[in-house]
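Take a look at the structure below.
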Amino acid sequence: MSYLLLATIKELRMDKLIKQFKNIRKKKYIVTSYKHKYAFVGIGNHSINNLYPVINYLRAELKYIVTQSSKNANLINDYYPNSEGTNDLQKVINDEQIKGVFICASPKSHFDLVKQLLLANKNVFVEKPPCLTHEELKELIECEKSSKGKCFVGLQKQYAPVNLELRKKLQGKSYYNYRYVTGAYPEGEPFLDLFIHPIAMLSYLFGSAELKYIATNKSKAGVTAFLHLQHENGSNGIVELSSDYSWTNASENMIINTNKGVYEVTNNENLTFTPKSGIIFNIPKEKIFGSKMTSVTLKKRNNFNPIFENNQLYTSGYFGEIENFINFCEGKKYENNASLKDCLNTYEILTKIINK
């Protein structure tokens, strides 16, 4: 048998394997279905751009879309043929078919909505913040204890692939610098609406934290806070949170110094690790053997390849948080990385910052 013929046979076998793999992937998506029905409270900009697309991709059935006005409810009936628009939350509460309810309304209304639904034994996914105060959070936790329903809080950074990978890698105490800066935020409370994300994420990665130091500065445009957080595992972090920069150049960066090396996270999308060179007789190896340090990319969003895993809704964690909530409602395997109870430490820290 000639070399050319062998090569052709191998190529045909490889093509067959590739087709089989693609077919398995397609079938997995086609046959994935959910048996329960859901409702969504709110139809604002964040819902339309970030949450509805994920629910649509997962093909979870939204039986109701709840709005404040009857006019918008009628528009939903006209333009969302598979969902019923309503401004009556009681209709959702009384419908036994509804297994889970998504809430993404005005932050001021979240507490009452979550409380009503938990008391009605509904599972709830609520976009941050779930409530406005630490006392309200404790009240919701008590409601959940007596409810058959559970609450997932929409803190998507705890589901971002970069942070899931980083949490696996971090062992023992670490030392980090974290910076989260945006432009002015006039439409709400920046600490509860924006900075709740990084504080919750840091507690998720390093464990509960104690606020050891805080300095704040308010300008006409925004606010800046510098923090020193000390975590229960001995980790320490210096944190800058600000809404006094620019939305055009908004950024999120973290450098973590561990015994084995340095992790660096950029904009919640890229995670690299640079091992430490070590020393010989108290002399850095890199001074003896030269600098041959190599950084390893552990996670990175590839903008060139437009596949699902590189979609920003996936890398930001929106897909993960919604999929896990639906899986919980459906009795499938799930993770709740942002429960009401998990938010306690976050609210303790935020309360101290706000009252500074």
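The values are calculated or read from the model by the stated rules, or taken from the named source; none is laboratory data. Small disclaimer: the values here were computed from a predicted structure and weren't measured. Cβ placement follows ideal geometry from the backbone for every residue including glycine, while neighbour counts extend to all protein chains displayed.
Here are the numbers for the structure shown:
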{"quantity": "Residue list for the range 62-88, restricted to those being modelled with pLDDT of 85 or more and more than 17 Å from Ser47 (Cβ to Cβ)", "calculated": "Ser70, Lys71, Asn74, Asn77, Asp78, Asp88"}
{"quantity": "Enumeration of residues in the range 172-194 that are farther than 20 Å from Asn270 by Cα and out of contact with any helix residue (DSSP H, G or I) (no Cβ under 7 Å at 6 or more places or on another chain)", "calculated": "Gly172, Lys173, Gly183, Ala184, Pro186, Glu187, Glu189, Pro190, Leu194"}
{"quantity": "Residue within the range 117-126 that is touching a strand residue (DSSP E or B) at 6+ places or on another chain (Cβ under 6 Å) and under 17 Å from Ala200 (Cα atoms) present", "calculated": "yes"}
{"quantity": "Matching residues, the range 207-237, being among the hydrophobic types (A, V, I, L, M, F, W, C) and loosely packed, with under 15 Cβ neighbours inside 10 Å", "calculated": "Ala215, Ala221, Phe226"}
{"quantity": "Looking only at the range 138-152, and only at residues there that are over 19 Å from Tyr347 (Cα atoms) and of a type outside the set (Lys, Arg), the one that is farthest from the chain's Cα centre (by Cα)", "calculated": "Ser146"}
{"quantity": "Residue in the range 324-345 that is on the phi > 0 side of the Ramachandran plot and either in contact with a helix residue (DSSP H, G or I) (Cβ under 6 Å, 6 or more places away or on another chain) or of a type in the set (Ser, Thr, Tyr) (or both) present", "calculated": "no"}
{"quantity": "Residue satisfying condition, being surrounded by 20 or more Cβ atoms within 10 Å (Cβ to Cβ), within 30 Å of Asn270 (Cβ to Cβ) and in contact with an Asp or Glu (Cβ under 7 Å, 6 or more places away or on another chain), within set Cys104, Cys151", "calculated": "Cys104"}
{"quantity": "Breaking point among (1) outside any strand (DSSP E or B); (2) touching a Phe, Trp or Tyr at 6+ places or on another chain (Cβ under 8 Å); (3) at pLDDT below 95, for Leu298", "calculated": "(1)"}
{"quantity": "Residue selected from the range 199-251 under the condition among the polar types (S, T, N, Q) and part of a strand (DSSP E or B), by the criterion nearest to Glu348 (Cα to Cα)", "calculated": "Gln230"}
